[in-house]
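S.K.: Starting off with a structure, shown below.
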Amino acid sequence: MKNRATILYIFMILAGAAGIWAILAAADSMHAPPDLSGTWTLREPDTNKPPISLRIEQSGRFLRVSWNHATSENCKLEPVSADDANQSFQLIGLTRPYAVVLSADRTQLTLRPIGGATDVAPTVSGRRRADAPTQDTTSPEASPADGGAVAPTPSKHHLILRLLCQIAVILAASQLMGRIFEQIRQPKVIGEMVAGIMLGPSLLGWLWPSASEMLFMPGTTLYLDILSQVGVIFFLFLIGLELEPRLLRNRGHTALVVSQSSVITPFLLGGALAAALYPLLFTYRQQIGFAPVALFMGTAMSITAFPVLARILTERNLHKTSVGAVSLTCAAVNDVSAWCILPFIIAFTRSSGFGSAALTAGWSALYLVGMIACIRPLLVRFEKHFDRRGSISRVLVGMIFLLVLLSAAATEAIGIHALFGAFLMGAIMPKSSKFVRELNDKIEDFVIVLLLPIFFAYTGLHTQIGLLNTVELWLFTLLIVAVACAGKFGGSAVAARLCGMNWREASAVGILMNTRGLMELVILNIGRELGVITDAVFAMMVIMAVATTFLTTPILNWVYPDRLLRATRKRELAADAYGILMPVSLPRSAKPLLRLAEVIAGPDENKRNIIALHLRRAEEHEAYRAAINDESAEDRSVIDLIIEQSKSLHIPIEPLAFVSLDPAADIARVAFENQVRLVLMGFHNPVIGRNFLGGTVHRVLQEARTNVGIFIDRGLHGKPRNILVPYLGSPHDKLALELTARIGRNAGAAVTMLHIVKPGRATGTTTDDKLNAKGASEQVFADPTQPVPVTFKVVESDDPIAAVLEYAKPFDLVAIGVAEEWGLTSQLFGWRAERIARDCPSSLLITRRAAPFA
């Protein structure tokens, strides 16, 4: 197996090198249509007629044109001929076809109607407006050349007011969509990405163009761009800060081979896709030919969203499995590889020749050496200062901020983009867990809650899904999504399978590696700003990023369901073992629950299985953080306390902890997957309402496919010795009897069964109530080998609740089934506090038998 992995690794390295050589070798032979985008001012020759304004939006051969801002038409650009002076094309698909002649210097455009009807459509020619952007897709301001007035420049007061309104709308939309996507068990970041797209021309600008124009007036979005760039700079610093060096080493052949395959395979497929689409969807611009496009497409296909992937793993408790370990390693390698390759692609795109590229490479190497030799020792001193002080001072935070900005400015000046400097600054930071965690806490809330949604919105303003206005363009979009999935999933899954993982595990790795998320948007924005990709391709790639991230969770649940994670147990159990799932939220509730769980399950370790489950809701910022080592301080304290208390009580347990988006559903799911017989949990005062059986407890009672016991501790020390069981005959009361019988046998407790009847019905031994109660008692406690001292008592009372409270005083535990007669009802919100639960002087075990499932 090791030899096979080595051979595959060498093959992937050679294939990657061959692919890059093929891209560079094919650069001269690949041709794309010239750039015609922008606004052209055209005139008829030898006439004094007013000029014609021709607006062209272009993505390769696909054009959308409008005359004098009239209704747009879609057409295709078909090449006819080319010589040293001109290039000739035809516009196919317009109401009237035109021949197009573009001068060699690409500054003069001539349109001649095909068919000879010059009296209807004359020949016109002219130049591109100098102030017309060729790449920015926001609506241009009116100008005299278009026959309109110059748009007034907003005052500083109005600019600030508009910017504040823009940010407010962006934050509201991102929080709303993030919450919606959380409810469907998707990472919040996907909802925020979708919110950004919705605020752009793809939705708001399409459904309500006047509102979009008023909110995002042309000329005012520059400030959103600046804020978003600052946010992404510090986010990349956080990504580098979270990057754990141990993930990049000592992970064995499997992780090494899969990581290289998950980079090289999509890179090669991305380059091949670029070769197929370059003549169709891309446009040739100065210094941006096929090679930069192919290299960029390969890199964009290779990226994996490390924070989103790690969050999915921790939410599903997969990060400590072989699947999780391999996926985390590969994602970390992917991020490092992408941010090492991308600067060279940027430098290659920006350079004007070999000399310029060599100079950029030299400055980059000098910068890298300086960061490692000079800046890292300074950061180590910062860490020692933190260790002595015990906290990060404002001065230290200010120094780190300054270094981040200087590093980003240095890489921008060199020509390899500011984001790489921020990422490298985070990557070389010391990785002391406390130092990293506190520094994260100082930065991430402001960056993630405020600045990243602005980045998503700015990305959405430049995402024009409306440009994909033909079936052919949507087919190209599906092709891009398919190639992206095939490269990541295929490259990762096949490599994992060849390295010894089974097909299900290998498929899970491939699915996880196909997560792209926010990191993809960062790279796409760089490509759009450089002019490497067109607006239509940008929209296609954004759709691909959202689609691949969205599909990860549902497909992973299908291919690698949670039951497989629980399939292998840590120890062999007897067939008749009594399993108890014990959810613990607060540390103080652990010891009483452990004691009660032990006496219910029994003393035989081979016949009991106690699972201690701690669930924690994901915090807002965790949608973006890797959190590989980040079991929070709260998580560790609860888990460590449970383990410590179980050892002190000599009660073996199986600890289980993970982040949960829906604790009630996860409790029910874990109980079902582990086939436990009882969910034993404490209660907590609800936020809304007054009932003890509300909130999460209510949902567990309703959704669990197993029996449930809710324990209200009122000072139960040690094992219970005297137990009272009020009985009315319901299935829930019978469950209370069964649990009491187990406690009686295992703890040597005395049991009193309290049967309450209406006044006048206790006399005579033939009453149905008494016979039913007596029969149930004899059936449950009839075990001559393990006798339990049972007292059967019949009480007449018009107020069953008062009777229970009166008789409960000398007992240390009351076991009672859920029933309306007892005033115990399971409700999500309840405004009547249950009287028995509130006033019972003894500890209380409230039971509910699960309804039978078909």
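No value in this document is a laboratory result; all are computed from the given coordinates. Since this is a predicted model, take the numbers as computed values, not measurements. As a convention, Cβ positions derive from the backbone with ideal geometry for all residues, glycine included, and neighbour counts pool all protein chains shown.
S.K.: Separation between the Asp604 and Val369 pseudo-spin-labels, each 7 Å from Cα along Cα→Cβ, expressed in nm?
M.R.: Each label point lies 7 Å from its Cα, and together they span 7.3 nm.
S.K.: At a Förster distance of 60 Å, what's the computed FRET efficiency of Arg112 paired with Asp640, Cβ-Cβ distance as r, to 0.05?
M.R.: 0.15
S.K.: Once a ≥ b ≥ c are taken as the square roots of the eigenvalues of the Cα gyration tensor of the stretch 306-456, is the result rounded (a/c under 1.5), prolate (a/b larger than b/c) or oblate (a/b not larger than b/c)?
M.R.: It is oblate, given that a/c is not under 1.5 and a/b is not larger than b/c.
S.K.: If you don't mind, another one. Could you sort out which of Lys431/Lys647; Lys384/Lys442; Lys384/Lys434; Lys758/Lys793 sit more than 22 Å apart by Cα distance in this structure?
M.R.: Correct reply: Lys431/Lys647.
S.K.: I've got another one for you. If each residue of separation counts as 0.36 nm, what is the full-extension length gain between Glu213 and Leu649 once their alpha-carbon separation is subtracted?
M.R.: Extending this stretch completely gives an extra 150.1 nm.
S.K.: Once amide H atoms are built 1.01 Å from N in the peptide plane, which residues 5 or more positions from Ala819, or in another chain, come under 5 Å H to H?
M.R.: Leu824
S.K.: Distance in nm between label sites at Val395 and Ala17, each 7 Å beyond Cα in the beta-carbon direction?
M.R.: Output for this residue pair reads 5.2 nm.
S.K.: Follow-up question, since we're still on this one. Name the shape class, rounded, prolate or oblate, that the alpha-carbon gyration tensor gives for the stretch 388-527, where a ≥ b ≥ c are the square roots of its eigenvalues, rounded holds for a/c under 1.5, and otherwise prolate holds if a/b is larger than b/c and oblate otherwise.
M.R.: In terms of gyration-tensor shape, oblate.
S.K.: Okay, moving on. Report the Cα centroid-to-centroid distance between the stretch 173-212 and the stretch 378-450 in angstrom, as an integer.
M.R.: Each part reduced to its Cα centre gives a spacing of 31 Å.
S.K.: Moving to a separate point now. What's the FRET efficiency of Ser356 with Leu378 using the Cβ-Cβ distance as r and R₀ = 30 Å, to the nearest 0.05?
M.R.: Taking R0 as 30 Å, the efficiency between Ser356 and Leu378 is 0.40.
S.K.: In nm, to one decimal, how far is the Leu222 label point from the Phe344 one, both placed 7 Å along Cα→Cβ?
M.R.: 3.6
S.K.: Given the Cα-Cα distance of Asp441 and Asp799 and 0.36 nm per residue of separation, how much length would full extension add, in nm? Before the final figure, lay out each step's value.
M.R.: Numbers: separation 358, 0.36 × 358 = 128.88 nm, distance 5.59 nm.
Here the answer is 123.3 nm.
S.K.: Could you bin all the Cα-Cα distances of the stretch 334-393 into 5 Å bins starting at 0 and give me the percent of pairs in each, rounded to whole numbers?
M.R.: That works out to 4, 16, 15, 16, 14, 11, 10, 7, 5, 3, 1, in percent per bin.
S.K.: When you count, for each residue, the other Cβ atoms within 10 Å and take the mean per peptide, how do 593-606, 255-268, 548-561 rank with the highest first?
M.R.: 255-268, 593-606, 548-561
S.K.: Set the Förster radius R0 to 41 Å, insert the Cβ-Cβ distance between Trp503 and Gln702 as r into 1/(1 + (r/R0)^6), and round the FRET efficiency to 0.05. Kindly include the intermediate steps, with their values, before the conclusion.
M.R.: On the way: r = 37 Å, r/R0 = 0.91.
About 0.65, to the nearest 0.05.
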